[in-house]
Structures are given as C-alpha cells and as structure tokens.
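Following: one structure in structure tokens, then a few remarks.
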Amino acid sequence: MKKLILILFILVFSLVYPSQIAGLSTKWGNITVKYDINVVYNGTALVDINIHGAGSGTAFLYLPHNISISYNMQIIEGNVKTYVKYNPAIYFYHCRFFEYNGEFRIKVSFTFPYAVLMAGKRAWFMSPLINFSNNIYMEVSVHLPNLKTIIKSYPIISWRNGDILYYKLYSPPPNKRIAVDYQLKEGITEVNITRTIANGASTLIFQTHPFYEEIVDKIALIMNKAYPKLKEVFGDFPNELHFKFYLPSLLDLSTLGYVMSEIVSTGEKGPVYLNLALLRFKEGYLEEVTIHEYVHVALGRIGVKAVRNLRWVHEGLAEYLAMEILKELGYDVSDMEKLRMAAYERYQMYHSLGELVYWPTGPEETLYYGAAYYVIKTLGDEYGGLNFYSRVFQEIKARGGIKTTKAFIECLISAGGYSIYYRFKSWGFNMEDLGNPFMRQLRYILLVIVLTIAIVIFAVYFLKRTKTVKQPTSISGLTRCPYCGAIVDESSMFCPYCGRELRRVSFEQRS
C-alpha cells in the first residue's frame, strides 16, 4: 500500500486554489454560468457550459487542458475578448479570462471521460475542475443514470429531481469540484481480462469491467517494458500475476494501491489492488504505482516478510525501484522524487531515521514513506543502484528470507561492505544486536591465530613423542634404532645411520 502526501493529491487533481493577480477579477459586472453534466452508461460525461453576462469587467473560468480533452467554445453574442493563462500547479486545466463590455453569451462543450468510476455496486462521480472568479454565480446540474442511493455529496446538494442533482455555487466548492459517492441500482459485472507480456513469458490477469480496458492496456504496457529489469534485479518473475481494481472512499485518494500482507508473506501471485482513480492522474503515476505494488509481490517471493519492523524496507525499496526503473525507461518522475524528499525533510524535523522500524498508522505515515525512500535511495546512490540491490536480494534468497531489520542490514553489509554498518549507526538505528563489524572481524582473526598456534603446538608435541620412544621394535632378528627409527641388526652396538650407541638396550631379556 502506498501513501502519497497531500501535496501529491493537490498536484495530480489540480485542487489547489490558483493564486490570483490583483486587478484581473472585479466584482462589477454580473455573470451566470450553468454547467450541465450528463453522464452516460460507461461513466463518460458530456459537459455543456453556458455563460451569460452583462455590464463591464473581467472574469475567469478554468477549462480542460493538456489531456485528451479538447473543448469547443462559441461566442454566441456580445463583445468579448478572451485569452488563457497557465498555472503550472494545475496540470490538466488552464485559466480562461473573459474581458467584456455589455451583454454577452458563450457556450463551451467537451466530453469528459471517467467522470464516474464504478466497481460492483459502488460508484463515484467527480466533476471537472470548477474554479471561477468571484463575480460569477454558478449553477451545476449532474445527471447520474443508474443512481440508487447517495452515500455522500461534496458540496451539499441544493435540490434533487430523480437522477439529476442540482448545486448552486457562489464560490468554488471544497477541492474545486463536485463529488458524489453513491450506489448503483444495477452493479457492473467484472470479468477476467488477460494480457501476455515478455513474448508470452508471463500472463497478467485483470478482474474488472471492459469499461476499463484502457487502464488494463496501460498496465500491460508498463509491465512489458519493465519486465527485463525487474527479472534482472530479483532474479525472478512469476509466470502469472493478478490485478484487481477498487474504489476508495471518495475523498481518500491517498491509497493508490496495495497488496495484502498475507500475499506478500506467502509469495503468492497477487492480486495487486489498484485504485481506479489512477485513470485520472497525470502520466507516470499509474506506471509508478503499478511497479511499486509489484515490488511488494517480488519481495515476498524472495522472502522479505510483511512484518511491522520491515515495513520501511518494503516501502523504501518499492518507491526507489519503481522510480529508478521508470527513469531508465524514459519516464519523468522528477515531481514524484521531489514529493518524497519533501516528506523526508519534514520527517527529520521530528524523528531519527532509526524510528522507521516503528512504522505507524495515521497522518504521520506519509512522512515515513519519504524517509524510507531516502534511506534506500542514499544507499543505492552510494553502492551501485539496481545492481547493488540485486546483490542484496541474492543474499536474502541465500538466507532463505528475512523477517527483521537486523537481518536486512546484514544482507546490505554483505553486498556493500562494513561502511554500511556505520551509516546505519549514524542514522540512529539500534546496532547493538549486530555488534561492531571490525571487532567481529578482529575476533575472527584472533580465533584463527589461536587455532593455528594450537595446531602447531600439537604437531610439535606429536613429532617429539614419536622421536623419544625408548623401546625398539624387534623384527626377525632386526630392531629399530630408538633415536632415528632405522632398522638395524640386534647385535649392533651403534646405529649405522645416526651413529648413536645402542648397547644400553638389553637384548637378553627378549625371549
């Protein structure tokens, strides 16, 4: 599961209220804008905007831009000068200004895909961005076919007529959109849609409605591109991988994907759960979330358990590997990296990195994602990037898996050297269980030296015992010199080999 900080939500959905330049909007001049949003069976909306004004002044309205939506604008009546300005913080929209003198009428229309997202009997509607100057009075009607029960509406509905909801707005609504969480009269049927990747080496199975084949194809495309690198890094890729889409709570878009902990711990092939809202994110986010969640599956397959003290390992590796692989594939992930580093900067204001092992739940969890990413990225930058982590994963597999931070750090040290020990110590991790690696190495060297000395002493003692045997051995009239071991005649007084005197040995007693 991947939590994104609030800034991400603001960036992707363009919910930030744009800074206004003084003088561009005035209160004189009356303008009424009516949005008619008609949703069709597959969730696409047909949007008509009728603008009527009188008097003199300047007003603005945000309209779709930079996505596969082009709007048609007609000046039906009046003297109006219109132009656009761009706000880089609002990715999908531009701000269209109207300078008018006298009565005027304008009509704008466009098709808005995925206005409603559906899973089973759950559905939610989210309008295009509705942001406008303070001299505009806004009325919005939303037609939601197949509507059964409204769970929640933001803002509150002004009135309702069957499947049509009406809103009166004197200022932009919260989050600059109208959003409705509701139940369907008839739920949509999910089927299995399959795609093969890597020339048939692996099959991806998606449980979803055919409405969402676009997201299926995008996921299959990125997994096909990433397959060679993922298999190289992990030394493994499943021959079958399952995906399932879900709808979150309408205003809780922080969880963009997740894998159940039991799937990770048992090394199963999914499912990987992905948020349908990713269809409405800018390019790169769906790809990043997809690879991120697959990394959890891959880590489970090599034995990195889904336990609390390894949560930071899972999330840090998933973030880092996803972004590094996407960069190698030519995707721009710079804004994602900035968001993670911003979260880390805030994290370090309150916590040491060693506290990552106590991974919490709640509002601070977002900061922990940034800090975990920072640790994994710092090590990757210093020790060899994806190749370094490939060596780490080989060590993990050789151990039969890991279930503690201590074991993970040991694998890092094995792949990158003992300097990693001191890096983790400086970050505030508890390294007592690991011990000082230099002292461990010194103890090993001393043990080898002691064992070597003991072997030498034993060998010398054994040889000395062999050479000081006093009694010769008789062999058919012959005997051995008790000093050099040479075979000599029993009657010899001196050893013909070493020259030592033999007469003190009593032969008469041998009978």
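Within the range 132-157, the set of residues being among the hydrophobic types (A, V, I, L, M, F, W, C) and in a strand (DSSP E or B) comprises 132, 136, 138, 140, 142, 147, 150, 151. Report whether or not residue 416 is modelled with pLDDT of 90 or more and open to solvent by less than 10 Å² (accessible area, probe 1.4 Å). Here the answer is no, as residue 416 does not meet what is asked.
Scanning the range 171-184 for any residue that is charged (D, E, K, R), closer than 17 Å to residue 37 by Cα and open to solvent by less than 20 Å² (accessible area, probe 1.4 Å) turns up at least one such residue. The lone criterion from (1) more than 23 Å from residue 412 (Cα to Cα); (2) open to solvent by 10 Å² or more (accessible area, probe 1.4 Å) left unmet by residue 324 is number (1). Here the range 132-150 is the region considered, the condition is being free of Cβ contacts under 8 Å to residues at least 40 places away in the same chain and surrounded by 13 or more Cβ atoms within 10 Å (Cβ to Cβ), and the residue that is nearest to the chain's Cα centre (by Cα) is 150.
Applying the criterion of being buried (at least 16 other Cβ atoms within 10 Å of the Cβ) and β-branched (Val, Ile, Thr) to the residues of the range 327-363, the residue that is modelled with the lowest pLDDT is 333.
Across the range 379-404, which residue is most open to solvent (accessible area, probe 1.4 Å) among those that are hydroxyl-bearing (Ser, Thr, Tyr) and in contact (Cβ under 8 Å) with a residue 40 or more places away in the chain? Reasoning before the result, please.
Of the residues in the range 379-404, the ones hydroxyl-bearing (Ser, Thr, Tyr) are 383, 389-390, 404.
Filter once more, so that each one left must be in contact (Cβ under 8 Å) with a residue 40 or more places away in the chain: 389-390, 404.
Working: 389: 0, 390: 17, 404: 56 Å².
Going through the qualifying residues, I end up with 404.
Are there any strands (runs of 3 or more DSSP E) wholly within the range 61-131 with 2 or more residues that are touching a residue at least 60 places away in the same chain (Cβ under 8 Å), open to solvent by 40 Å² or more (accessible area, probe 1.4 Å) and within 27 Å of residue 275 (Cα to Cα), and if so which?
Details: elements: 72-77, 80-85, 93-101, 104-112, 116-119, 122-126.
In the range 61-131, there are no strands (runs of 3 or more DSSP E) which contain 2 or more residues that are touching a residue at least 60 places away in the same chain (Cβ under 8 Å), open to solvent by 40 Å² or more (accessible area, probe 1.4 Å) and within 27 Å of residue 275 (Cα to Cα).
Do we have any residue at all in the range 157-170 that's touching a Pro at 6+ places or on another chain (Cβ under 7 Å), among the polar types (S, T, N, Q) and either closer than 30 Å to residue 58 by Cβ or open to solvent by 50 Å² or more (accessible area, probe 1.4 Å) (or both)? The answer is no, given that none of the residues of the range 157-170 is touching a Pro at 6+ places or on another chain (Cβ under 7 Å), among the polar types (S, T, N, Q) and either closer than 30 Å to residue 58 by Cβ or open to solvent by 50 Å² or more (accessible area, probe 1.4 Å) (or both). Of the residues screened, residue 208 is not one that is of a type in the set (Val, Ile, Thr), in contact (Cβ under 8 Å) with a residue 24 or more places away in the chain and farther than 16 Å from residue 274 by Cα.
Just one of the numbered conditions (1) surrounded by 22 or more Cβ atoms within 10 Å (Cβ to Cβ); (2) touching a strand residue (DSSP E or B) at 6+ places or on another chain (Cβ under 6 Å) is not true of residue 366: (1). The criterion of at least 2 residues that are closer than 30 Å to residue 395 by Cα is met by the following strands (runs of 3 or more DSSP E) wholly inside the range 158-234: 202-208. Among the residues of the range 245-255, the ones that are within 22 Å of residue 311 (Cβ to Cβ) and at pLDDT 85 or above come to 1 in all. Cβ separations smaller than 7 Å between residues 6+ apart or across chains give the following pairs from the range 333-356 residues that are in contact (Cβ under 8 Å) with a residue 12 or more places away in the chain to residues that are open to solvent by 60 Å² or more (accessible area, probe 1.4 Å) and aliphatic (A, V, I, L, M): 339/7; 342/7.
Of the residues 343, 306, 277, which is in contact with a Ser or Thr (Cβ under 7 Å, 6 or more places away or on another chain), over 20 Å from residue 392 (Cα atoms) and aliphatic (A, V, I, L, M)?
Values: 306 fails: over 20 Å from residue 392 (Cα atoms); 277 fails: in contact with a Ser or Thr (Cβ under 7 Å, 6 or more places away or on another chain).
Result: 343 is the single residue among 343, 306, 277 that is in contact with a Ser or Thr (Cβ under 7 Å, 6 or more places away or on another chain), over 20 Å from residue 392 (Cα atoms) and aliphatic (A, V, I, L, M).
Taking the listed residues 284, 316, the one that is of a type outside the set (Ser, Thr, Tyr), open to solvent by less than 20 Å² (accessible area, probe 1.4 Å), on the phi > 0 side of the Ramachandran plot and touching a residue at least 12 places away in the same chain (Cβ under 8 Å) is 284, with no other qualifying.
Yes or no, residue by residue, for (1) under 26 Å from residue 302 (Cα atoms); (2) touching a His at 6+ places or on another chain (Cβ under 7 Å):
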position: 318; (1), (2): yes, yes
position: 321; (1), (2): yes, no
position: 329; (1), (2): yes, no
position: 332; (1), (2): no, no
position: 353; (1), (2): yes, no
position: 362; (1), (2): no, no
position: 368; (1), (2): yes, no
position: 376; (1), (2): yes, no
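For residue 193, the requirement of being at pLDDT 95 or above, over 30 Å from residue 390 (Cα atoms) and among the β-branched types (Val, Ile, Thr) is met. Regarding residue 242, is this residue in contact (Cβ under 8 Å) with a residue 40 or more places away in the chain and surrounded by fewer than 21 Cβ atoms within 10 Å (Cβ to Cβ)? When the stated conditions are applied, residue 242 does not pass them.
The values are calculated or read from the model by the stated rules, or taken from the named source; none is laboratory data. Here the structure is a predicted model, which means the values were calculated and not measured. Virtual Cβ from ideal backbone geometry, glycine too; neighbours counted across all protein chains shown. Areas reflect the complete protein model, heavy atoms only, side chains present, ligands, DNA and RNA absent. Shrake-Rupley method; radii C 1.70, N 1.55, O 1.52, S 1.80 Å.
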